[in-house]
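Let me begin by presenting the structure, written as structure tokens, before commenting on it.
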Amino acid sequence: MAAKKPAVKFDPKDFLEKVGSGRTKAIYHDKKQIYSQGDVADSVFYIHRGQIKLSVISQRGKEAVLAVVNKGEFFGEGCLTGNRYRLSTATAVGECEVLRLEKKVITRALQEEPAFANLFIAYLLGRTLRVEEDLIDQLFNSSEKRLARTLLLLAHFGKDGEPEPILGHVSQETLAEMIGTTRSRVSFFMKRFRKLGFISYNGKIEVHKSLLNLVLHEQPHIQE
């Protein structure tokens, strides 16, 4: 009698890396929409490369940026909570490579694979904490401090390794929408950050660790 082959251990990273049944990869160029507000919500997405901007548009046509989602993060998970339609628009910031997981595929993985469920829950907890921090930031901090924190987040500051360059595709207009101020104020603060050595710019924004001091410590407000 032939010995049974040992069961293949489920690897969440491998699951998110490879295409297969209900999992497809696509490359999106700058400003290309992955989905639009009001589209049918039938899948979750995972970013392999690049960044995705999540935004909403009011009935009057005003756009607000909710978040910029980075490599190694999910978006579109609202479909798992019963949302039938997309509540926001997802747009590529620069060139992006994205994995699309059909709702039934990711639901099955969450139910049957504890390792994947743990990974996804950790992501959701991190996202919830980020939303709370964003709200506190918006309510209590100056626009200068909000910009500094946003730049640190976009550069993946605090994760393994050095801060990563922020692609030039993240425009000052997008930064202004994210922190709730005007483009002219963002331009003013960016010039100041550069003069103080907090950032440097050569096609990409290089965020230096010294910028963290502006977020951690109170400093005199600037006349805007």
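Each Lys and Arg contributes +1 and each Asp and Glu -1, all at the Cβ; summed about the Cα centre of region 8-72, the dipole is approximately 180 debye. Over the chain, the pair-distance histogram of Cα-Cα distances with 5 Å bins from zero comes to 1, 6, 13, 17, 18, 15, 11, 8, 5, 3, 1, 1, 1, 0, 0, 0, 0 percent, rounded to whole numbers.
Mind checking which helices in the chain clear 24 Å along their axis (Cα) and have mean Kyte-Doolittle hydropathy of -0.5 or more, DSSP H runs only? Mind dumping the intermediate values first?
Working: long enough: 114-140 (39 Å, 0.59).
What comes out of the filter, once short or polar helices are dropped, is 114-140.
Taking Cα centre as origin and charging only the Cβ of basic (Lys, Arg, +1) and acidic (Asp, Glu, -1) residues, the dipole magnitude of region 1-149 rounds to 320 debye. With a simple spin-label model that places each label point 7 Å from the Cα along the Cα-to-Cβ direction, the separation between residue 29 and residue 209 comes to 4.0 nm.
Springs between Cα atoms under 10 Å define the GNM used for the chain, and in it the highest mean-square fluctuation of 151, 125, 110 occurs at 125. Taking region 92-111 and a reference point 7 angstrom along Cα→Cβ of residue 18, the backbone N atoms nearer than 20 Å belong to 98-111. Between residue 172 and residue 115, the modelled label-to-label distance comes to 4.8 nm, taking each label 7 Å out from Cα in the direction of the beta carbon.
First measure r as the distance between the Cβ atoms of residue 103 and residue 194, then evaluate 1/(1 + (r/R0)^6) with R0 = 45 Å and state the FRET efficiency to the nearest 0.05. The value I calculate is 0.50.
The numbers here are math on the coordinates, done by the rules we state, and not lab data. Since this is a predicted model, take the numbers as computed values, not measurements. As a convention, Cβ positions derive from the backbone with ideal geometry for all residues, glycine included, and neighbour counts pool all protein chains shown.
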